[in-house]
Amino acid sequence: MSFAASDYQLASLPPRHFWRRLAAYAIDIILFQIVFTLLFLALSMVTPWDLTLPFLQKQQCSETTTGPLVPKIEAEWPLQKGEVRSNQLCRISWLGSKGYVVFVSKVVLEQGATTSIRAFSTPVDNNGNPVDPNVTARPTSSVVLLILPLAFAYCSARARRTPGKRLLSLRVTTIEDDPMPLGLAAKREIFKFLPFVLVAVFNLVSLFILRPFQPPIDQLIQQARDASILTADGFLALTGALAPMLLVFTLIWWLFPLLIWRGQTFYDRFCDTKVVKD
């Protein structure tokens with residue numbers, strides 16, 4: 001796939017419709033987010049499932065000095081010189097649900113202009129006793145990221161259009177100007193949302209494959225105390241380091257073809273499709 005082009009080819013390229021595409025995408029994302037939010041709230045009310053999206057969650061934390069985990073933390077994670085510890089009980093809830101409670105122990109060390117923070121957290125019951133960590137598993141955001149391409153595909157296949165594209169007078173067709181069949185539309189949208197799909201798959205793997213192998217409480221406390229790349233905190237640090245790489249990939253995947261225009265985005269080239277204005 002080459003992006004080299006002659007002056008004649010550049011002059012004959014179809015318009016990129018950058019601002020129209022951006023506005024259509026923003027409209028579609030907002031509308032689909034509203035639909036998914038209402039759907040999950042309805043399912044939460046009529047089923048035993050507690051479904052929510054992160055922006056609907058409410059967190060209320062209060063300091064605690066009692067409970068079965070407090071003396072355990074203090075015994076297994078003694079403070080060093082200059083360290084300050086705070087223990088909190090945080091209730092995370094959302095509409096139509098009681099939510100769950102998480103015990104959080106945070107140790108802060110300030111050394112000049114540098115602040116180091118280490119934390120241990122685990123879900124607990126109303127008496128402060130640890131419970132199954134799976135009560136905090138909420139894969140709805142990842143599910144939305146996986147369903148989103150399919151929803152876009154359904155709205156784009158067989159001469160249909162998403163609401164945003166309809167409002168902005170855009171349409172996706174094949175190179176031969178034919179309507180996309182559903183399979184091709186699904187392929188295109190999965191490629192288009194590839195950064196989202198990668199995030200969703202990573203989150204689901206973390207929730208359902210890695211979480212069942214979570215070590216016991218004593219080991220979790222030790223991992224928080226002695227953070228390294230092989231511990232929970234170290235794993236979070238590793239994922240934090242990967243986040244900028246994913247951001248760079250996302251910018252290249254979505255913006256580079258539109259800024260260095262050669263007639264198609266990456267995903268349109270892979271699928272032999274194009275965006276046209278009615």
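Readers should treat all values here as calculations from the given coordinates under stated rules, not as data from a laboratory. This structure is a prediction, so every number in the text was calculated from the model and none was measured. Virtual Cβ from ideal backbone geometry, glycine too; neighbours counted across all protein chains shown.
What the table below lists for this structure:
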| read-out | value |
| --- | --- |
| Relative contact order computed over region 81-200 (Cα-Cα under 8 Å; 6+ residues apart), in percent | 17 percent |
| FRET E, pair residue 132, residue 109, Förster distance 41 Å, beta-carbon r, rounded to 0.05 | 0.85 |
| Taking the C-alpha atoms of region 119-184, convex hull volume expressed per residue in Å³ | 163 Å³ |
